[in-house]
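The values are calculated or read from the model by the stated rules, or taken from the named source; none is laboratory data. Bear in mind that the values here come from a model prediction, so they are computed numbers and not experimental data. Methodologically, a virtual Cβ is constructed for each residue, glycine included, from the backbone with ideal geometry; neighbour enumeration extends over all protein chains shown.
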Amino acid sequence: MTPLKFAVGIDVDKKTFKACYCLLNEALEITTERQKAFKNDLQGYHELIQWTGVHHREDTPIYFVMEATGVYHEHLAWYLFSKHQKVSIILPSKSKRYLQSLGLKSKNDKLDAKGLAYMGLQQHLPLWMPVSCKIYQLKKLTRYREDLQKQKTTLNNQLEALEHGMYTVKAVTRSIKALIKVIDKQLMKVYGEIEQLINEDSVMKEKIKHLTSIKGVGFLTAVTIVAETNGFALFKNQRQLASYCGYDVTENSSGNRVGKTRISKKGNPHIRRMLHMPSLNVVRFNVPVFRSLYDRVYSKRKIKMVAYTAVQRKLLLLMYTLWKKNEGFNEGILGNSSGDSLSEALKRQDSRKTILHKMNHISLKQPYDPLSEISI
């Protein structure tokens, strides 16, 4: 039978990677499973191309599928991309669930590579595009700064505990204070390198200025959002962006049971952390579009963090819009459409509760009194 599609699943570790070569024929059957291990270096990449080219037909597409394993997959992915190959990089959680759906109970490198190959044949996976060098550097710098800030917070907590303890240990106190000074110097140095990187690109500098025109959004917040989203180049609409950052709304209801409606948090945690303080700022500064959203959600849910989460989502989508349109923030022309999905989902949940309340009255053969829903 004529092959319709080829796929190579690759499981990468620090020194080696395992590849599984499969094809999908006209009967939609997966056949020709071949596996081989290669060294994770340039020679291994050459051997992979030669190995797949032995049985691959040039008129049939071939897809390389691998997991995002820290940084170990980056060199191989870039090499394949430079050779004009179709590459897909997926999250480990997604491949794990797929392997579980196949009924595989064991886990090893060969099974993982086989599962990735099957996944590439059976699903339409998005193709990977490498980020620019500048965005890559920005991401490394902003994440390094985030790690430094976490270390400083930990040391400050230790110092406070020492100073309020029954006895003081001067040697430990001096050492912690010295470490904090070192970290402060590194934070200033990293901030300067981020500024220099932005100033070298006039277009990016102008767009960052547009994002910081929102009162409450600082330079580091804007740079981090841009770095973590690859300059918003990965997204075609706001829904995709919200899902990538974990702000997509999930509902947990079944039958007569109405569960909680909340965000999935299945996305980039760096973005959600950076949007926490700006969401507090825009509400504290009474930026109208965010203040009204906060008041509306809080009056409905009576939980501050739910309201602030809705503000975070709206703030992210507004930054996406400003970046795409290349314009600054103007309170006068901003609509209320973006970012309201969370509050709309909460309204749907309340509506569902009302419907179930009515159904319960009917099931109990009691007359439904609409005045019973009005609280005086």
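Hey, does region 256-266 have a residue that's modelled with pLDDT of 90 or more and of a type in the set (A, V, I, L, M, F, W, C)?
Here is the first cut: in region 256-266, the ones modelled with pLDDT of 90 or more are none.
The answer is no, given that none of the residues of region 256-266 is modelled with pLDDT of 90 or more and of a type in the set (A, V, I, L, M, F, W, C).
Could you list all residues from region 1-36 that are closer than 17 Å to D59 by Cβ and loosely packed, with under 14 Cβ neighbours inside 10 Å? Walk me through how you get there before you give the answer.
Residues of region 1-36 closer than 17 Å to D59 by Cβ: 1-7, 23-26, 32.
Within region 1-36, M1, T2, E26, T32 qualify.
Please go through region 194-218 and pick out each residue that is surrounded by 15 or more Cβ atoms within 10 Å (Cβ to Cβ) and under 19 Å from E146 (Cβ atoms).
I194, L197, I198, I208, L211, T212, V217, G218
What number goes with the only condition from (1) over 30 Å from I90 (Cα atoms); (2) in contact with a His (Cβ under 8 Å, 6 or more places away or on another chain) that I180 does not pass?
(2)
Please enumerate the residues belonging to region 169-181 that are β-branched (V, I, T) and surrounded by fewer than 12 Cβ atoms within 10 Å (Cβ to Cβ).
At the first step, the residues of region 169-181 found to be β-branched (V, I, T) are 169, 172-173, 176, 180.
Correct list: V169 only.
Condition first: more than 14 Å from M119 (Cβ to Cβ) and under 31 Å from the mean Cα position of the chain (by Cα). Now tell me which residues in region 4-18 satisfy that. Even if it seems obvious, please write down each step before you answer.
Narrowing region 4-18 to residues more than 14 Å from M119 (Cβ to Cβ): 4, 12-18.
Those that are more than 14 Å from M119 (Cβ to Cβ) and under 31 Å from the mean Cα position of the chain (by Cα): V12, D13, K14, K15, T16, F17, K18.
Does E206 meet the test of being assigned by TED's automatic domain parsing to the domain that holds E146, in contact (Cβ under 8 Å) with a residue 24 or more places away in the chain, in a helix (DSSP H, G or I) and more than 13 Å from the chain's Cα centre (by Cα)? Even if it seems obvious, please write down each step before you answer.
Working: assigned by TED's automatic domain parsing to the domain that holds E146: no; in contact (Cβ under 8 Å) with a residue 24 or more places away in the chain: yes; in a helix (DSSP H, G or I): yes; more than 13 Å from the chain's Cα centre (by Cα): yes.
Considered against the rule, which asks whether it is assigned by TED's automatic domain parsing to the domain that holds E146, in contact (Cβ under 8 Å) with a residue 24 or more places away in the chain, in a helix (DSSP H, G or I) and more than 13 Å from the chain's Cα centre (by Cα), E206 comes out as no.
When you look at Y98, is it buried (at least 17 other Cβ atoms within 10 Å of the Cβ) and in contact (Cβ under 8 Å) with a residue 60 or more places away in the chain, yes or no?
Working: buried (at least 17 other Cβ atoms within 10 Å of the Cβ): yes; in contact (Cβ under 8 Å) with a residue 60 or more places away in the chain: no.
It is false that Y98 is buried (at least 17 other Cβ atoms within 10 Å of the Cβ) and in contact (Cβ under 8 Å) with a residue 60 or more places away in the chain.
Looking at this structure, is M129 closer than 21 Å to G70 by Cα and not in a helix (DSSP H, G or I)? Working first, answer last.
Details: closer than 21 Å to G70 by Cα: yes; not in a helix (DSSP H, G or I): yes.
Judged against the criteria, M129 is a match.
Filter region 37-59 down to residues that are of a type in the set (A, V, I, L, M) and exposed (fewer than 12 other Cβ atoms within 10 Å of the Cβ) and give me whichever is modelled with the highest pLDDT. Give the derivation first.
Initial filter on region 37-59 (of a type in the set (A, V, I, L, M)): 37, 42, 48-49, 54.
Retained after the next criterion (residues that are exposed (fewer than 12 other Cβ atoms within 10 Å of the Cβ)): 42, 54.
Working: L42: 94, V54: 78.
The qualifying residue modelled with the highest pLDDT is L42.
Select from region 124-163 the residues that are within 21 Å of the chain's Cα centre (by Cα) and acidic (D, E) and write down the one among them that is surrounded by the fewest Cβ atoms within 10 Å (Cβ to Cβ).
Filtering first and then ranking leaves D147.
Just wondering, is there one or more residues in region 275-294 that are over 18 Å from the mean Cα position of the chain (by Cα), more than 22 Å from T212 (Cα to Cα), surrounded by 15 or more Cβ atoms within 10 Å (Cβ to Cβ) and of a type outside the set (A, V, I, L, M)? Outline the logic, then answer.
Step one: of region 275-294, the residues over 18 Å from the mean Cα position of the chain (by Cα) are 277-294.
Adding the requirement that they be more than 22 Å from T212 (Cα to Cα) leaves none.
No, region 275-294 has no match at all.
Pull out all pairs, ordered by first then second residue, where Cβ-Cβ is under 6 Å, the residues are six or more apart or on different chains, the first lies in region 238-258 and is part of a helix (DSSP H, G or I) and surrounded by 12 or more Cβ atoms within 10 Å (Cβ to Cβ), and the second is among the aliphatic types (A, V, I, L, M) and modelled with pLDDT of 65 or more.
What qualifies is Q238/L317.
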